[in-house]
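Presented below is the structure to which this report refers.
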Amino acid sequence: MSQSDLHEVAIGYLLAHQAEHLHHDRHHLVQRCATHLQEQGATRNAAHIVALQALGELDARGSRVYVDLSHTTCFAVFLVDPVSGAKITFTAADLLRLAREQTLRAADVATQH
């Protein structure tokens, strides 16, 4: 199955199953999607990456903000708001800090239920 086909399968899976998971349980949704992609013949690594890319696409659909790939590096991601023209930069350290905070929040929510 091609990368494009896997992406479409992942988008379909996430759309069909996202209502089963609350926002804080995105990790579980991505894991289930990746497992589904593996069942379609994708490798474990490819399935996980495609699932995350598909989730990113779905999350961004309602937003006009985009990643400026011409300025983004492996150490800094540039986001552009085309309406205001504002650029926002996240360093790799910023992104890691945000990911850790999200993981801690998800763990806190999971222990409350």
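Where a number appears in this text, it was derived from the coordinates with a stated rule and is not lab data. All values reported here derive from a predicted model rather than from experimental measurement. A quick note on method: Cβ atoms are made from the backbone with ideal geometry, for glycine too, and the neighbour counts reach across all protein chains shown.
Worth pointing out:
- As a length-normalised measure over Cα pairs under 8 Å and 6 or more apart, the relative contact order of segment 3-60 settles at 45 percent.
- Structural descriptor for the chain: relative contact order 20 percent, calculated from alpha carbon pairs under 8 angstrom and at least 6 residues apart.
- Over segment 66-112, relative contact order from alpha-carbon pairs under 8 Å, at least 6 apart, %: 24
- 3J(HN,Hα) from dihedral phi, segment 86-91, Karplus parametrisation 6.51/-1.76/1.60, rounded to Hz, x for glycine, proline: 5, 10, 10, 10, 10, 7
- Taking chymotrypsin sites (Phe, Trp or Tyr not before Pro) across segment 40-87, the ones in a DSSP loop with at most 13 further Cβ atoms lying within 10 angstrom of their Cβ are 75.
- Proximal charge balance of residue 81 [Cβ under 12 Å; K/R count +1, D/E count -1]: +1
- Estimated dipole of the chain in Debye, rounded to 20 [Cβ of Lys and Arg +1, of Asp and Glu -1, Cα centre]: 220
- Given their separation in residues at 0.36 nm each and the Cα-Cα distance between them, residue 35 and residue 73 gain 10.6 nm when the chain is fully extended.
- Approximate spin-label separation residue 87-residue 59, in nm, with each point projected 7 Å along Cα-to-Cβ: 2.3
- Prolate/oblate/rounded call for the chain, Cα gyration tensor, a/c under 1.5 rounded: oblate
- Nearest-ten-degree value, helix 3-17 long axis tilted from longest Cα axis of the chain: 80
- Cα long-axis angle, helix 92-112 against the chain (0 to 90 degrees, to the nearest 10): 50
- Computed [θ] at 222 nm, helices only, for the chain once each DSSP H run of length n ≥ 4 contributes -39500 (n - 2.57): -20000 deg cm²/dmol
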